[in-house]
Each structure stands twice: as C-alpha cells, then as structure tokens.
Amino acid sequence: MGGRLAKSAAHRCNMKVLITANSFASCDDAPARRLEEAGFEITRNPYGRLLTEDELIELCHDKDAVILSTDSFTKRVIENCPGLKVVSRYGVGVDNVDREALRRAGIPLEITKNANSDSVADHAIGLMLALTHHISVCSELYRKGEFKKLRGRDLAGSTVGIIGLGAVGKRVAERVVGGFGCRVLANDVFYDETFIDRYEIITTDVDTIFRESDYVSLHLPSLSEYKGFVNREKLQLMKPDAVLINTARSELVDKDALLSALKEGRLGGYGADVSYREPYVDREFCAFDNVVITPHNAAVTVEAINKMSMISVDNVLKYF
C-alpha cells in the first residue's frame with residue numbers, strides 16, 4: 001500500500017533525485033529501476049569523484065532528494081536547495097553533513113544502517129592479517145623479484161581489543177572469537193549483554209585495552225569528543241609489537257602521535273581504511289613497511305553496494 005502511494009505521488013509530482021555515490025547500483029541496476037518506476041528523474045554524479053560545494057549546488061538546487069556519498073553537504077549547499085525534501089546517506093557516517101542546517105530546514109537525514117557492517121569487519125580482519133603476516137610487504141618484494149621470508153605472528157589465540165562494540169565491532173568480535181579463538185576486550189558506552197555473554201567478551205576500561213591487546217580495532221562514531229582519541233599517551237600504553245586498526249575515521253587517531261610512534265618503533269603496525277586528507281594520499285605513512293592503508297574501500301564489495309543502494313532507495317521512497 002505504502003509503496004503504491006509513494007509511486008503514484010512521485011508520478012504526480014515528477015520528482016527529481018541526485019545520486020552522488022558513484023558505486024550506487026553499479027553491481028545490480030534494480031535500485032535505480034525502482035526509483036525510475038516510482039517516477040523519479042535520476043541525475044548521476046558526472047565527475048566520478050567527490051563533488052565541491054559549487055558542483056553540489058549546481059546539480060542539487062532543483063532536486064527533491066539526494067542519495068549522498070561522502071561529499072560535504074554544507075549549510076551553503078542546503079540553503080541553495082529550496083525544494084530538497086530528504087537526504088539519504090549512502091553509508092552510515094554523517095560527519096560530512098551539516099545536520100543542524102538540515103534540522104532547521106526541516107529536512108530528514110537517513111542512513112543505510114548495518115548495510116556494510118560485514119564488509120568493514122572483513123576488511124578489519126584483513127588488515128590485521130596483512131600486517132602481522134607481512135602480506136603486503138612480501139608481495140611487493142616478490143613483484144620486485146626478491147624471494148624473501150619475513151617472520152610473522154598469528155592472529156589466532158591473541159588478545160583483540162575492540163573500542164566501540166556497535167554493528168561493526170560486533171562483527172569483528174564474532175570473527176576473531178569464532179574463527180581465531182581470540183580473547184576479546186571491549187569498551188563502549190552501552191553493551192548488548194546477551195552478545196557479551198555469548199562470545200565471552202571482557203568489558204573493561206580503554207587503558208586496559210591499549211595495555212593488554214595485541215590488536216586494537218577502532219569502531220567509534222565520528223563525534224567531536226572522539227577527535228584525537230588515540231593520543232600519545234594511549235599509544236605509549238601499547239605493546240611495542242601491537243597493531244592498531246582504524247576502519248572508522250582518521251581523526252580518531254592523533255596523526256603526529258601516530259607518526260612519532262612509528263618512527264620510534266613503538267608500534268607494531270598501523271592498518272587503516274581511512275586517510276587524513278581524503279581523497280588524497282597521506283604520503284608521510286608510505287615510508288613505513290608496517291603500515292597498510294587502503295583508500296576507504298572496505299565497503300566497496302558487491303554485497304555492501306547492493307545493500308546500501310537498496311536501503312538508500314528505501315529511505316527516499318518511504319518519505320514520499
């Protein structure tokens with residue numbers, strides 16, 4: 001019933017939607033077809049990159065909805081989109097959106113909750129293995145014609161600290177406990193006690209996690225109070241061969257403190273799917289063999305793309 005109403009309303013009003021996410025419906029065109037069948041005229045990102053403020057205003061000023069990637073959706077953009085009725089984030093992070101400006105304009109903001117949790121958790125595990133088994137380094141040496149073996153360490157049986165036991169943090173815990181027999185320490189504001197009991201997770205304070213863990217995986221939201229959360233003091237608590245994993249946001253880790261720890265050999269490794277200057281490369285980290293950084297592509301999997309595409313469409317259609 002609701003779907004038919006949304007469809008007929010869209011047809012009557014000739015709705016327009018801007019999609020800035022380049023991977024939207026790139027594996028299956030069903031989400032795009034749903035929009036078109038509901039009467040939406042689709043405008044895609046013509047540049048294949050993040051849009052600037054001026055480009056967003058030019059493309060979005062006459063739109064009723066936007067399916068937004070990580071483009072900066074600022075107050076100025078919002079004020080220049082008088083007909084905008086809903087913003088559907090293609091993802092879960094909302095730090096690129098001026099939420100207060102949206103609230104004042106009466107425009108709801110939706111996210112694709114849990115759509116990429118498995119993909120990001122898989123990526124976090126991949127970073128752990130890449131660092132302690134020296135997969136990236138050995139592969140690069142092999143490509144250069146050097147058959148060199150480097151001694152690694154097992155993830156199995158180690159202690160993994162998870163800071164932020166939400167959707168992604170839980171998926172990481174499931175994998176390291178069920179697949180690798182790890183001991184898990186966790187810290188969060190709220191806990192799912194059933195989940196904690198099921199996986200025998202030890203809840204503790206942050207300092208204990210940094211002090212005792214072989215791997216620390218960050219899964220915190222992008223809030224101002226978490227900026228620089230991993231500072232010099234926390235890094236000094238870590239074992240010299242411990243690994244820090246960050247698939248959340250770059251600003252969670254103090255960049256200068258991290259670089260110092262790496263230069264001084266006080267950190268076993270840093271694995272991240274985020275950068276400080278996205279979409280540009282943080283070249284300061286390229287000199288370290290014990291650093292693996294990927295270009296924010298943990299959620300760029302067929303499964304995650306399909307889920308995010310469909311949920312982002314759901315969020316547009318449910319408004320109308």
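The values are calculated or read from the model by the stated rules, or taken from the named source; none is laboratory data. Keep in mind it's a predicted model, so treat the numbers as computed, not measured. Here the Cβ is made from the backbone with ideal geometry for all residues, glycine too, and neighbour counts use every protein chain on show.
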Report summary line: If we ask which residues in segment 58-68 are surrounded by 18 or more Cβ atoms within 10 Å (Cβ to Cβ) and either basic (K, R) or not in a loop (DSSP other than H, G, I, E, B) (or both), their number turns out to be 7
Query raised in the report: Scanning segment 266-283 for residues that are free of Cβ contacts under 8 Å to residues at least 40 places away in the same chain and within 16 Å of the chain's Cα centre (by Cα), which turns out farthest from V120 (Cα to Cα)?
Result: R277
Requested in this report: Please name all residue pairs, on different chains or six or more residues apart, with Cβ atoms under 7 Å, provided the first residue is in segment 158-174 and is closer than 19 Å to V230 by Cα and the second residue is surrounded by fewer than 19 Cβ atoms within 10 Å (Cβ to Cβ) and not polar (S, T, N, Q).
Outcome: T159/R183; T159/E212; I163/V206; G164/D188; L165/D188; L165/Y191
Query raised in the report: Can you find a residue in segment 278-296 that is in contact with a Cys (Cβ under 9 Å, 6 or more places away or on another chain) and modelled with pLDDT of 95 or more?
Result: yes
Query raised in the report: Can you find a residue in segment 59-81 that is in contact with a His (Cβ under 8 Å, 6 or more places away or on another chain) and either modelled with pLDDT of 95 or more or in the same structural domain as S222 (by TED's automatic domain parsing) (or both)?
Result: yes
Report summary line: Within segment 128-149, residues being over 14 Å from D289 (Cα atoms) and of a type in the set (G, A, S) number 1
Requested in this report: Take the residues in segment 36-52 that are hydrophobic (A, V, I, L, M, F, W, C) and free of Cβ contacts under 8 Å to residues at least 60 places away in the same chain, then tell me which one is surrounded by the most Cβ atoms within 10 Å (Cβ to Cβ).
Outcome: L51
Query raised in the report: Within segment 22-35, is there a residue that is in a strand (DSSP E or B) and surrounded by fewer than 20 Cβ atoms within 10 Å (Cβ to Cβ)?
Result: no
Requested in this report: List the helices (runs of 4 or more DSSP H) that sit entirely inside segment 69-179 and contain at least 3 residues that are surrounded by 19 or more Cβ atoms within 10 Å (Cβ to Cβ).
Outcome: 117-132, 167-178
Query raised in the report: How many residues does segment 220-248 hold that are surrounded by 20 or more Cβ atoms within 10 Å (Cβ to Cβ) and touching a residue at least 60 places away in the same chain (Cβ under 8 Å)?
Result: 4
Query - Filter result for D154 (in the same structural domain as N246 (by TED's automatic domain parsing), without any contact (Cβ under 8 Å) to a residue 40 or more places away in the chain and not aliphatic (A, V, I, L, M)) - result: yes
Requested in this report: For A65, indicate whether it is closer than 21 Å to F40 by Cβ, touching a residue at least 24 places away in the same chain (Cβ under 8 Å), among the small types (G, A, S) and touching a Lys or Arg at 6+ places or on another chain (Cβ under 7 Å).
Outcome: yes
